[in-house]
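Scroll down for the structure; my scribbles are underneath it.
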Amino acid sequence: MAEPKSKLTQFSSGDYWINLLNSLSDWANETLASVDTLVELAIILMTAALAWPIAKYLQEQLKKVKTTKSPVSLFGRLWLTASRIAFPITWVIALWISELILAAVELRHGILVIIASMITAWVIISIATVFVANQLGRKVIASSAWLVAALNIVGLLDETIVFLESTSFTLGQANISALAVIQAAIALALLLWTTAIVGHLIENRIKQSDSLTPSFQVLSTKLLRIALVIVAVIFTLSIVGIDLTVFAVFGGAIGVGLGFGLQKIFANLISGFILLVDKSIKPGDVIAVDDDYGTVSSLGARYVSVLTRDGIEHLIPNEELITTKVENWSHSSNLLRLRKMVGVHYKSDVRLAMSLCMDAMKETSRILDDPAPNCLLVDFADNSVNIEMRYWVDDPMNGRANVTSELMLTVWDKFHENDIEIPYPQRDLHFRSSDINQPIKVKPFNTNSESQRD
């Protein structure tokens, strides 16, 4: 047991670092300044210069293949990755050929082997990470894996592990090292990637089920994602060996945070689950909030996405849909009654005008016959006799203005064919007879007055 402790404590000693620097200096003087090293470096540069034009040609060819023969996204990423690593592939092939030649003539080739091994590791890792769809995650995984491989190639992996184990901090009663944190991050990333694939497959199965309502499908997929993330975190902590009781100290802080700074976010999360459970709003519903209406395109954990007829997407917080008045035109039924007022002249035949309005509603394609439309005389207004048309549609998601426009054009044509006049706004002016014969007095305009100068 004494040996591991000595390895962990040697990094805190100044003599260790001085000896390491001296060793590196001696190695550089003995190795890098030799003729064999200069030959190896020259070969490395020459192979790179030779591989560059070949790689450019291969990249052009791979780009053509990608655009013509890669309908699947995985294949597209594969060809794109092959295009990006065309230079390392051609370079490493040239390096390994050079290494074989140097070994055959019994010349030193240690540096050549190290460089070729590092590039080979990068090529293999780049190809292996093509299955990760997220670009940022793919780069992080590839860089981390290559760093481990490079440390192993140069023989510094064990020393690095010991150094990371010696760097630690205390959390509660547990002592957590930097190595444990890195292992936890790697394990969590792999588990989240696995759970994302599994969750995606299960979500597709849920969405394809015709027996489940849209609200239940959304609720099931969100609960599934949350459960998979929780399972991934618990497995990560157990793999690293961290006791869950360590995080009990954060319970009070999290409670205070939710009570003050995160209360709105927490309220939106709870409201989102309420909307999914009570099915008051579900994807595909047509709702109206304030003066805007649109189709619910998706239900999020924090907001509901409502797409209007103008193509504008409103992100409405879940809490607002719970606490305010919301019109849902398709909650229990798609039936929606619309109203439109039209005015006719007092000298026109009002009964004929009402009959023509009924005919126009029957001829409009989207207006339903059952429930039947209706036409009522609602007011003797100042300028016209007002008639109101009331009619039903069963597809409010297709808009209201278009069906109203079609109806009004039909009414316009029928009124003109039957001499039904739609009056202009009008006012009657009455003059008193005593004022007719009196001249109009006009006050002269005085440019020199004090008011005009001001």
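The values are calculated or read from the model by the stated rules, or taken from the named source; none is laboratory data. As the structure is a prediction and not an experimental result, all values here were calculated from the model. Heads up, the Cβs are rebuilt from the backbone with ideal geometry, glycines too, and the neighbour counts pull from every protein chain shown.
Take Glu406 and tell me if it is part of a strand (DSSP E or B), surrounded by 15 or more Cβ atoms within 10 Å (Cβ to Cβ), modelled with pLDDT of 90 or more and not basic (Lys, Arg). Here the answer is no, as Glu406 does not meet what is asked. Taking the stretch 262-299, which residues are outside any strand (DSSP E or B), touching a residue at least 40 places away in the same chain (Cβ under 8 Å) and of a type in the set (S, T, N, Q)? If the condition is that a residue be outside any strand (DSSP E or B), touching a residue at least 40 places away in the same chain (Cβ under 8 Å) and of a type in the set (S, T, N, Q), then Asn268, Ser271, Ser280 are the ones that fit.
Apart from one condition, Gly257 fits all of (1) modelled with pLDDT under 70; (2) more than 28 Å from the chain's Cα centre (by Cα); the exception is (2). Residues in the stretch 279-311 that are of a type in the set (D, E, K, R) and under 23 Å from Asp394 (Cα atoms): Lys279, Lys282, Asp285, Asp290, Asp291, Asp292, Arg309, Asp310.
Taken together, Leu224, Leu179 contain a single residue that is of a type in the set (A, V, I, L, M), at pLDDT 75 or above and surrounded by 14 or more Cβ atoms within 10 Å (Cβ to Cβ), which is Leu224.
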